[in-house]
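The values are calculated or read from the model by the stated rules, or taken from the named source; none is laboratory data. All of these numbers come straight from a predicted model, not from anything done at the bench. No Cβ is skipped: glycine too gets one built from the backbone with ideal geometry, and neighbour counts run over all protein chains shown.
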Amino acid sequence: MKIRKAIIPAAGLGTRFLPITKAVPKPMLPVFDKPNIQYIAEELRRAGVEEIVIVVGPDSEVIMRHFGEAPELEQRLLADNKQKLYEIEKETCSFNVKFVVQEEANGLAGAILCAEKYIGDEPFALLLGDELIYAKDDEQSCIERLIEIYENTGKSVIATMQVFGDDVSKYGNIGIGEEKDGVMQVSAIVEKPAVNEALSNYALIGRYVLAGGIMSKLKALKPRNNEIYLTDVLDEFAANGTLLATAFNGVRYDVGDKAGFIKANVEYALRSKEIGEEIKEYIKEKGKTL
Ligand code: UTP
């Protein structure tokens, strides 16, 4: 079945990034001149996904405003003959987005369930709102690859990367079985394991394509520590042989982490036609003093 819909959970509290995340949701943090969540919406459009459901927190109307119409601003830009800026503004309201509110930040699975009324039993893509994966224009993106694997196999598929040392404890971790053409069978999945309990060096990153019918499975889960966990359903898929993984293409940035956020900004600024050269010169000069 074709993947037509995606969920971007953007309702977390973003505590690692306080104080900015007190009033600004983490997915709205800028990477160069756009909020991270707009890059994700562009990644989805490029992959042919038709409808995006964004899960926002109760105080996150700023995300809705970003993707909504702004008639006064547009009229002003047109009156001032600022056509290029007008197009940049129009682009932000060109996505087919629906919003749902997650009243209480009770975790990723809770956020996914909030989107049920738009997703129903369809398979969907899931892209975490604080991760950014860069792919060149002529390269297949991470989410395009996941969608291709899902459409070829009908199995849920997650993006992974290799991590080493203490870093294995920062991520969901998978056990891997047979591998063919870069697609691995997942044998088990654990949340943030101790280093000596890791199943492999493969960590989950924030891109998934999930098979239809997952909503009822999430609802049937027993809460642990008052939360339900997506990993519990994924572990069930792994156990019955219906979960695949692939190492992602492109460059990944954890924009929800302070160092990751700065790296993303430096690299996107370097790629920019507008200020790339200026920033390159600045970094070279600065490097001499470090
Ligand atoms: P994280 O766990 O990285 O984000 O969730 P967080 O909870 O906002 O951040 P910290 O750890 O307190 O700094 C990954 C993604 O899932 C969303 C977040 O907005 C982020 O995009 N999320 C998380 C929700 O939508 N709802 C939740 O209840 C939790």
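Mind checking whether some residue in region 220-231 is surrounded by fewer than 17 Cβ atoms within 10 Å (Cβ to Cβ) and modelled with pLDDT of 95 or more?
No.
Among what's in region 101-111 and is closer than 24 Å to PRO30 by Cβ and not in a helix (DSSP H, G or I), pick the residue that is farthest from the ligand (Cβ to nearest atom).
My answer is VAL101.
Yes/no per residue for (1) surrounded by 15 or more Cβ atoms within 10 Å (Cβ to Cβ); (2) under 14 Å from the mean Cα position of the chain (by Cα):
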| residue | (1), (2) |
| --- | --- |
| ILE133 | yes, yes |
| GLU144 | yes, yes |
| GLU151 | no, no |
| PHE164 | no, no |
| ILE176 | yes, no |
| MET184 | yes, no |
| VAL190 | yes, no |
| ALA194 | no, no |
| LEU199 | yes, no |
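Before we move on, is PHE95 part of a loop (DSSP other than H, G, I, E, B) and either in contact (Cβ under 8 Å) with a residue 12 or more places away in the chain or in contact with a strand residue (DSSP E or B) (Cβ under 6 Å, 6 or more places away or on another chain) (or both)?
Working: part of a loop (DSSP other than H, G, I, E, B): yes; either in contact (Cβ under 8 Å) with a residue 12 or more places away in the chain or in contact with a strand residue (DSSP E or B) (Cβ under 6 Å, 6 or more places away or on another chain) (or both): yes.
Considered against the rule, which asks whether it is part of a loop (DSSP other than H, G, I, E, B) and either in contact (Cβ under 8 Å) with a residue 12 or more places away in the chain or in contact with a strand residue (DSSP E or B) (Cβ under 6 Å, 6 or more places away or on another chain) (or both), PHE95 comes out as yes.
Restricting to region 65-89, give me the number of residues that are part of a helix (DSSP H, G or I), of a type in the set (A, V, I, L, M) and within 18 Å of GLN38 (Cα to Cα).
In the first step, residues of region 65-89 are kept if they are part of a helix (DSSP H, G or I); the result is 65-67, 71-79, 83-89.
Now narrow it down to the ones that are of a type in the set (A, V, I, L, M): 73, 77-79, 85, 88.
Filter again for within 18 Å of GLN38 (Cα to Cα), leaving 85, 88.
Number of matching residues: 2.
For region 132-152: of the residues being in contact with a helix residue (DSSP H, G or I) (Cβ under 8 Å, 6 or more places away or on another chain) and not in a helix (DSSP H, G or I), which is farthest from GLU267 (Cα to Cα)?
GLN140
Tell me which residues, restricted to region 127-146, are small (Gly, Ala, Ser) and within 16 Å of the ligand (Cβ to nearest atom).
GLY129
Residues LYS263, LYS222, LYS273, LYS280: which one is more than 21 Å from the chain's Cα centre (by Cα) and assigned to a helix (DSSP H, G or I)? Can you show your working first?
Details: LYS263 fails: more than 21 Å from the chain's Cα centre (by Cα); LYS222 fails: assigned to a helix (DSSP H, G or I); LYS273 fails: assigned to a helix (DSSP H, G or I).
Among LYS263, LYS222, LYS273, LYS280, only LYS280 is more than 21 Å from the chain's Cα centre (by Cα) and assigned to a helix (DSSP H, G or I).
Look through region 232-257, keep the residues that are aromatic (Phe, Trp, Tyr) and more than 20 Å from LEU113 (Cβ to Cβ), and return whichever of them is surrounded by the most Cβ atoms within 10 Å (Cβ to Cβ).
Restricting to residues being aromatic (Phe, Trp, Tyr) and more than 20 Å from LEU113 (Cβ to Cβ), the top hit is TYR253.
In region 258-288, which residue that is aromatic (Phe, Trp, Tyr) and surrounded by 16 or more Cβ atoms within 10 Å (Cβ to Cβ) is farthest from THR21 (Cα to Cα)?
Among those residues, the one meeting the criterion is TYR268.
Applying the selection to region 7-38, what residues are more than 13 Å from the ligand (Cβ to nearest atom) and not charged (D, E, K, R)?
Listed by number, the residues that qualify are ALA23, PRO30, VAL31, PHE32, GLN38.
Taking the criterion of being more than 12 Å from the ligand (Cβ to nearest atom), over 14 Å from the mean Cα position of the chain (by Cα), acidic (Asp, Glu) and closer than 25 Å to MET28 by Cα, would at least one residue in region 112-126 satisfy it?
Checked against the condition, which is being more than 12 Å from the ligand (Cβ to nearest atom), over 14 Å from the mean Cα position of the chain (by Cα), acidic (Asp, Glu) and closer than 25 Å to MET28 by Cα, region 112-126 yields at least one hit.
All but one of (1) closer than 13 Å to LEU127 by Cα; (2) without any contact (Cβ under 8 Å) to a residue 24 or more places away in the chain; (3) touching a Leu at 6+ places or on another chain (Cβ under 8 Å) hold for ILE20; state the number of the condition that does not hold.
Against the list (1) closer than 13 Å to LEU127 by Cα; (2) without any contact (Cβ under 8 Å) to a residue 24 or more places away in the chain; (3) touching a Leu at 6+ places or on another chain (Cβ under 8 Å), ILE20 comes up short only on (1).
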